[in-house]
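Below is one structure, written out as structure tokens, with a few remarks after it.
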Amino acid sequence: LHVFPLPQAAAPPADTSPVLVELEDTQSSDALGGLARRFQAPVLALAEWRCPHSGCSARVAASEDGTVELLAQKGWGEAPARQWVRVERPVNVAFFFEDSLAAASPGEPPVVHLFAGSVLCGACFFADVLRNGLRAPVLALPDSVSVLCGSPWRAQPSTLLVGTWCRTLYCLQLRCVGEGASREWSCRLVWSRELPHALYGIDMIDATCDGLDEIVVRTLQGLHVLQEELAGVCAELRVGLAELLRQCDDEASPSAGGAGGRDALSRALSRTGAIAELQVRLKRHALS
């Protein structure tokens, strides 16, 4: 008589489903970086900006009923300032971006703007939120535009890209007039481009490894990659080098060795055509 042990029942599989934990107000505030307002409508957008060198930071949360809460800190040791407003539109797109054209004085916090877009009615931006908070929003796109996504354009200062449900990609640029407390901000349309489908996302990626960011646009039925025109980039490079050459002629004296700097710039200017050809070859090699 042979006795065989009965097979043991297999242990039930471990439950790997996520566990939802309801946080207290103070715990949820810490988890969101200090944003503590209890929103009466679903939160549609969260964004954060930090400057590790100065200790400046900004966080924002925006909801379906148009409530926008901002928590801004001007530097190390500074107490964060909290402010909230309600705009007459649901805010589903929000992001911060620095303004290099309106650079702050040494030792001052950088100039940071907050873009707020709505799927129902246009977009606006809050200028210099570290100093001004959420006061005096500036119109960026009219109420007839349905905003779905947006992103700062890293290659162009003070410029941002906005995608819409109406299949249009907008390029906007901020302008500043005046100094200090008398600054006035405005937003102008640089160019727009219509795509086959609604735009759902915009990313900046150097996909071809040529040193220039491509604009990757995610749409309802496809992915579009927009590239900068190399001829235009080289033209801007020529203008910049020519300006440096002019400044060298105006400011440097022969006794200070200015001629050597001018010769170096002249050689760099003459190589611009070779740089353009090299960029074209790199682009073709990356796409092959």
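The values are calculated or read from the model by the stated rules, or taken from the named source; none is laboratory data. Since this is a predicted model, take the numbers as computed values, not measurements. A quick note on method: Cβ atoms are made from the backbone with ideal geometry, for glycine too, and the neighbour counts reach across all protein chains shown. Surface areas here come from the heavy atoms of the whole protein model, side chains and all, with no ligands, DNA or RNA. Shrake-Rupley method; radii C 1.70, N 1.55, O 1.52, S 1.80 Å.
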Charge tally in the Cβ shell below 15 Å around residue 196, where Lys, Arg are +1 and Asp, Glu are -1, residue 196 excluded: +2
Rounded if a/c under 1.5, otherwise prolate or oblate - region 162-231, Cα gyration tensor axes: oblate
Integer Hz, Karplus 6.51/-1.76/1.60 couplings in order for region 55-63, x for Gly and Pro: x, 6, 7, 8, 9, 9, 9, 10, 10
Nearest-10 value in Å² for the accessible area of residue 59, using the 1.4 Å probe: 30
